[in-house]
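Okay, structure first, notes after.
The values are calculated or read from the model by the stated rules, or taken from the named source; none is laboratory data. Everything numeric here is computed off the predicted structure, so don't read it as measured data. Every residue, glycine among them, receives a Cβ derived from its backbone with ideal geometry; neighbour counts consider all protein chains shown.
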Amino acid sequence: MIVGVLVGLAIMVGCFLIPIAHFVLAPAGPFIAGYWGIQYAPNPGRHYAMHGLMFGSLLALFIGLILAALAVLLTAMFDDPRVATLAWLGAGVFTLYTGSMGTMGAMFYSLREQQRSEREAAREVGNRENER
């Protein structure tokens, strides 16, 4: 699961660093990170919602730790309480946004994969019945 979260973080950074497209891709970055990152997180038979929720929570934890370190740095650099308030508020809001959008992306991919495997299983059963 950690590898998937790291892939998701790399995708989010990549979406933010593309010079022209980051206005469109950066807000969708956590969803894209959840959708593509969950592919690297093995699912040992969990329900798609639980698997996506665990992935989104880990993604939010990693982003929260990074943003908390950034908020501490900004608070130490600037002695203004307004800067500290904005830094911590931004860290909290962006952490919640990343967690929820990452969870939705991961759940969407997991649900699609579960439905695809069910369709293939039903098709295989139908093929066996047609052979008889």
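Report yes if some residue within the range 47-58 is within 8 Å of the chain's Cα centre (by Cα) and at negative phi; otherwise report no. Yes, some residue in the range 47-58 is within 8 Å of the chain's Cα centre (by Cα) and at negative phi.
Meeting the requirement of 1 or more residues that are under 12 Å from Met104 (Cα atoms) and modelled with pLDDT under 90, the helices (runs of 4 or more DSSP H) wholly within the range 1-82 are 22-37, 48-77.
Quick grid of which residues meet (1) without any contact (Cβ under 8 Å) to a residue 24 or more places away in the chain; (2) surrounded by fewer than 20 Cβ atoms within 10 Å (Cβ to Cβ); (3) of a type in the set (Gly, Ala, Ser):
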| position | (1), (2), (3) |
| --- | --- |
| Pro30 | no, no, no |
| Tyr35 | no, no, no |
| Pro42 | no, yes, no |
| Gly45 | yes, yes, yes |
| Met54 | no, yes, no |
| Ala76 | yes, yes, yes |
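Is it the case that Ile18 is surrounded by 20 or more Cβ atoms within 10 Å (Cβ to Cβ) and more than 30 Å from Glu118 (Cβ to Cβ)? No: the conditions fail for Ile18. Of the residues making up the range 80-89, not a single one is of a type in the set (Phe, Trp, Tyr), free of Cβ contacts under 8 Å to residues at least 40 places away in the same chain and surrounded by fewer than 15 Cβ atoms within 10 Å (Cβ to Cβ).
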